[in-house]
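Everything below concerns the one structure shown next.
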Amino acid sequence: MVWAFVFVLLGACSRAEGTNAGLKGRVTQKGLEYGQQFGLELVKSLLKKEHVPDLNGSYNIPLIGDVGYSVSRMQIQELQLNESVVSFSEGTGVRLVVSNAHIQLSGVWRVKVLFIPDSGSFDLSVRDLSLSIELGVSRDDSGHPQVWSTNCHSSIGRLDVKFHDGASWLYNLFTGALQGPLRYEVNRQLCPELRKGISDLERVLKTMQVSAQIDPFAAIDYSLINKPVIARDHGDIDLKGEFYGVGKHTESPFSPAPFLLPDEGDHMLLLGLSEFSANSAAFVYFTAGALRKNFRDDMIPKLSPIRLNTGSMGLFFPELKKLYPDMPMELHLSARKQPLLTCRPDSLALALFGAAEAFVVLPNTTLASAFLLDLDASLVGQLHLDSAKVGGSVALTNFSMSMVQSHIGSVQVKTLETLLKLALRMVALPMVNKKLKEGFPLTSVYNVSLVNPLVKINQGFVLVATDVQYKA
């Protein structure tokens, strides 16, 4: 129902308060109104599938006496909620006001007159229905969202009933006497039924996952860390946004810094992704040993001027060709420290701290260590985002190399550094940028996809301002 969508959207947004968040966002009034549009349609479809609670009572008909009645198996056939307004209730949650609504129901009637039972079907029309209710939002101690209902009021202007089958010709003569009791009973049950539905939603939210495994190495914790902040024209919630290792939760050396979401145009949703979240992910992959890759010559781009064999590498290591003439080599790259991402105004900065160990592949396929180098690189990047994919571009700003250990004598490190830097800029980075330009597909969350998103890199975080589209 509409409340569920509103809370899902609110669950993706935040404002700095209390504990600092790794992920932030904001639902604006525009986003709330969009949620109302399809949320009410969802309400209609759900209500038409469910039975309305039975009504029981009695009324007195002149000349006949007391008539005991029950109406059951009531089902909504038509529901018109054209005049409805949804807004933020500052400090509480969301307010929904419905006026001039119309509901058409059908069901089964049973009566007992002078101990004589009778039954049949009926049509019930409720017009000029007005309803107002607030949905409060909060969080529990485990970071799950909480919802509750408050300030519910309802009224029914007109109720008409028409009986079919049995002695309906008789009871239809006295529908005027029925309108008052039925209108009272229907109105009396509206708010309790709404509260019951919200309580059901609360139970669902309490069991909702607040973490998810990304791959065999990493999972993300997106639990709520602060009480939602509801302002006059937007709703904010803070999410932890920290990655942790699967099977072993090692405390990250990073802590999130505070940041605030700016007012950014006329968008439904604002999302803030901090550099803390990215760095916590990098720490997880580094700790798990996932940031390593072994290369053979057939994996090196054909345009590279440097090949992984002793003939090519011997240009920089004179003793290499003498000790191991015409032999293939392997290069084992790994991170010696975790990568570090920094968000700066209009650009991303990435520092890489690597190690490269070269091995000669001997005729018996065993590996003989040749040398070990430290490699450090600095890159700057941009992000590009559209409704279907995320991409970007990177450029090399600095590259340095130093010798750690050599088993093959002296090494011309500076010459090798110059050639590797050239190879990175001329071969490797163009290939990376080609892939980044193609982009990576975005997956929808809760069937919600982005529409015309804008991305802006700020100090400490990346801001995404977007509209959304829901597809059931």
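The values are calculated or read from the model by the stated rules, or taken from the named source; none is laboratory data. On a predicted model such as this, the values are computed, not experimentally measured, just so you know. We place every Cβ from the backbone using ideal geometry, glycine too, and count neighbours over all the protein chains shown. Heads up: the accessible areas ignore ligands, DNA and RNA and are worked out on the full protein's heavy atoms, side chains in. Shrake-Rupley method; radii C 1.70, N 1.55, O 1.52, S 1.80 Å.
Please report how far the C-alpha centroid of region 131-173 lies from that of region 307-375, rounded to the nearest whole angstrom.
Using only Cα atoms, the two centres lie 70 Å from each other.
If we count every other residue with Cβ under 13 angstrom of Glu417's Cβ, Lys/Arg +1 and Asp/Glu -1, where does the sum land?
The answer is +1.
Could you list the square roots of 5 times each eigenvalue of the Cα gyration tensor of region 341-454, that is, the equivalent ellipsoid semi-axes, sorted largest first and rounded to whole Å?
Equivalent ellipsoid of region 341-454: 38, 18, 12 Å, largest first.
If R₀ is 25 angstrom, what is the calculated FRET efficiency for the pair Ala349 and Ala290, using the beta carbon separation as r and rounding to 0.05?
0.65
Note the full-extension length gain between Leu323 and Lys30 as 0.36 nm times their separation in residues minus their Cα-Cα distance, in nm to one decimal.
98.3 nm
Just the Cα atoms of region 402-451: what Rg and Dmax do they give in Å?
Calculated on Cα positions, Rg and Dmax stand at 20.3, 61 Å.
Positive end of the dipole of the chain, charges at C-beta (+1 Lys, Arg; -1 Asp, Glu), about the Cα centre: which of Ile116, Leu201, Val462 has its Cα farthest in that direction?
The listed residue farthest towards the positive side: Val462.
Ratio to report: Rg/Rh of region 210-258, with Cα atoms as the point set and Rh obtained by the Kirkwood method; give two decimals.
Over the Cα atoms of region 210-258, Rg/Rh equals 1.09.
Residue separation times 0.36 nm, minus the C-alpha to C-alpha distance between Ala428 and His332: what's the value?
Going from the current span to full extension adds 32.9 nm.
Rounded to the nearest 0.05, what FRET efficiency is calculated for His249 and Leu367 with R0 set to 35 Å and r the Cβ-Cβ distance?
Between His249 and Leu367 the formula returns 0.50.
Averaged per residue, what accessible area in Å² does the chain show with a 1.4 Å probe, protein chains only?
That works out to 51 Å² for each residue.
Excluding ligands and nucleic acids, what accessible area in Å² is computed for Lys435 using a 1.4 Å probe, to the nearest 10?
100 Å²
Rounding to the nearest 20 debye, state how big the charge dipole of region 238-387 is about its Cα centre with +1 on each Lys and Arg Cβ and -1 on each Asp and Glu Cβ.
The dipole magnitude comes to about 800 debye.
If I model region 255-375 as equal point scatterers sitting on the Cα atoms and use the Debye formula, what is log10 I(q)/I(0) at q = 0.14 Å⁻¹?
Debye curve over Cα of region 255-375, log10 I(q)/I(0) at q = 0.14 Å⁻¹: -0.75.
Report the extension gain between Ser155 and Gln75 in nm, rounded to one decimal, defined as 0.36 nm multiplied by the number of residues separating them, less their alpha carbon distance.
26.8 nm
Compute the acute angle (0 to 90°) between the alpha-carbon long axis of helix 175-206 and the principal axis of greatest extent of the alpha-carbon atoms of the chain; round to the nearest 10°.
That works out to roughly 20 degrees.
So what are the three principal axis dimensions of region 58-215 from its Cα atoms, in whole Å, longest to shortest?
The Cα atoms of region 58-215 stretch 71, 32, 25 Å along their principal axes.
What is the dipole size for the chain, taken about its Cα centre, with +1 at each Lys and Arg Cβ and -1 at each Asp and Glu Cβ, in debye to the nearest 20?
That gives the chain a dipole magnitude of about 920 debye.
What nm distance separates the two modelled labels at Gln469 and Ser132, each placed 7 Å from Cα along Cα→Cβ?
Each label point lies 7 Å from its Cα, and together they span 3.6 nm.
To the nearest 0.05, what FRET efficiency results for His164 and Asn447 with a Förster distance of 56 Å applied to their C-beta separation?
Plugging the Cβ-Cβ distance into 1/(1 + (r/R0)^6) gives 0.90.
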